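Nothing in this text is a laboratory measurement; each read-out follows from the coordinates by a stated rule. None of the values given here were measured: they were computed from a predicted structure. Cβ coordinates were reconstructed from backbone atoms using ideal geometry, including for glycine residues, and neighbour counts include every protein chain displayed.
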C-alpha cells in the first residue's frame, strides 16, 4: 500500500461546535454540503468509464454488485433495492451487500468490516462470476472487508470498481475503475456519514440510473417498466399509459395497465 493522505480524517475547520447556535450549525453544514456536487463533477470521467464497463457486462448477461461496510454498505443496499420497483428488473440484477449482513442495516456489527475473507464469502453466496461487476464502497478507502473482496474478484477475472473519498487509497489500487470523490474534511471530524455518505449516494444514483437507461429500462424520461406496487404507482402508470398511447379513458387505461403489468408491456401488447 502506498502512503496517501486520509482527507476524511483531517480536522474539521469548524471549532467549538457545542457552543455554536443551531442556526449557525445548520448554515455551516449546508455550506459544506454545497461542495459535494462540485467534487462529484470532477469525478464524472471516472464514473463514465465504470458505467460503460458495467453496461457492457450487463448487456451480456452479467450482474452488478455493490459491497460496503457501515454507511457505505447501507447506501449500497438502498440503491440496489430501488432498481426492481423503479425499472422492473429482477432483484438479482443489482445486489447490495453489507458487512455484517442484515443486522448491520440497523445497528453496528463489531469488527465486521475488518474481515479479510467475509467479503468474498458474501459475494460467493451469489455465485458471482466473471460476467459480473463488483463496486466496492468505502469513504476511507481502507476497509479490509471491501478491499480484500475486490482483490479476490480481480484474481477471478471479475471487473471491479470503487467509490472512495480518499484519492490514492488502497481501495483505489484494488479497483479496475476507481471513482474518487474528494469532499474534504467533514463538519464533524471523521464523520463520513455526512459529506462522504452524501457523495456516495449521489454517485450511486448516477451509476444505477445511467446503467438502466442504457439497458433500455427508460423511454423518453419515463419509468415505463416500474412495478405497480401501490395505488400511487398504479395512478402514475395509468396516466403515463394515457399520455403515451393516446387513450383518453382513465379506467380503460388502468384496466390495460393492470392486465399487462407495466406501461411498456401494455403498449406493446395492445399496439396502441
> Please report, for the Cα atoms of the range 1-87, the Rg to one decimal and the Dmax as a whole number; what are they, in angstrom?
Replying inline: 18.4, 57
> Hey, of (1) 62, 52, 35; (2) 52, 44, 32; (3) 63, 42, 35, which did the structure itself give for Cα extents along the principal axes in Å when calculated?
Replying inline: (1)
> By how many nm would the segment from residue 44 to residue 221 lengthen if fully extended, with 0.36 nm per residue of separation less the alpha-carbon distance?
Replying inline: 61.6 nm
>> When a/c reaches 1.5 or more, the comparison of a/b and b/c decides; with that in mind, is the range 139-210 rounded, prolate or oblate per its Cα gyration tensor?
In response: oblate
> If you take every DSSP beta bridge whose two residues both sit in the chain, what share of them, in percent to the nearest 5, is antiparallel?
Replying inline: 5 percent
> Classify the range 157-252: rounded, prolate or oblate, from the alpha-carbon gyration tensor (a ≥ b ≥ c, eigenvalue square roots; a/c under 1.5 rounded; otherwise prolate if a/b is larger than b/c)?
Replying inline: prolate
> On a 0 to 90 degree scale, rounded to 10, what angle separates helix 22-33 from the longest Cα axis of the chain?
Replying inline: 80 degrees
>> From the helices alone, meaning DSSP H stretches of at least four residues, give me the mean residue ellipticity at 222 nm for the chain, per-run term -39500 (n - 2.57), in deg cm²/dmol to the nearest 500.
In response: -15000 deg cm²/dmol
>> Between 0 and 90 degrees, rounded to the nearest ten: what's the tilt of helix 70-87 against the longest Cα principal axis of the chain?
In response: 10 degrees
> Among 228, 17, 256, whose mean-square fluctuation peaks in a Gaussian network model of the chain (Cα, cutoff 10 Å)?
Replying inline: 17
> If you look at just the Cα atoms of the range 226-271, how large are its Rg and its Dmax in Å?
Replying inline: 9.0, 26
> How far is helix 231-245 tilted off the main Cα axis of the chain, in degrees rounded to 10, range 0 to 90?
Replying inline: 60 degrees
>> Can you tell me the length gained on complete extension of the stretch residue 235 to residue 117, counting 0.36 nm per residue apart and subtracting the Cα distance?
In response: 37.8 nm
>> Explain nothing, just the number: relative contact order of the range 29-141, from Cα pairs under 8 Å at least 6 residues apart, as a whole percent.
In response: 33 percent
> Where is the GNM fluctuation largest for the chain (alpha-carbon springs, 10 angstrom cutoff): 233, 171, 93?
Replying inline: 233
>> Please list, in order, the residues from the range 156-200 whose amide nitrogen is less than 16 Å from a point placed 7 Å along the Cα→Cβ vector of residue 53.
In response: 156-164, 168-181
> If r is the Cβ-Cβ distance from residue 22 to residue 92 and R0 is 41 Å, what FRET efficiency results, to the nearest 0.05?
Replying inline: 0.35
>> Classify the range 67-187 from the C-alpha gyration tensor, please: rounded if a/c falls under 1.5, else prolate or oblate depending on whether a/b exceeds b/c.
In response: rounded
> Taking Cα pairs under 8 Å and at least six residues apart, what relative contact order does the chain come out at, in percent?
Replying inline: 22 percent
>> Looking at the chain as a GNM with Cα springs under 10 Å, which of 34, 252, 152 has the largest mean-square fluctuation?
In response: 252
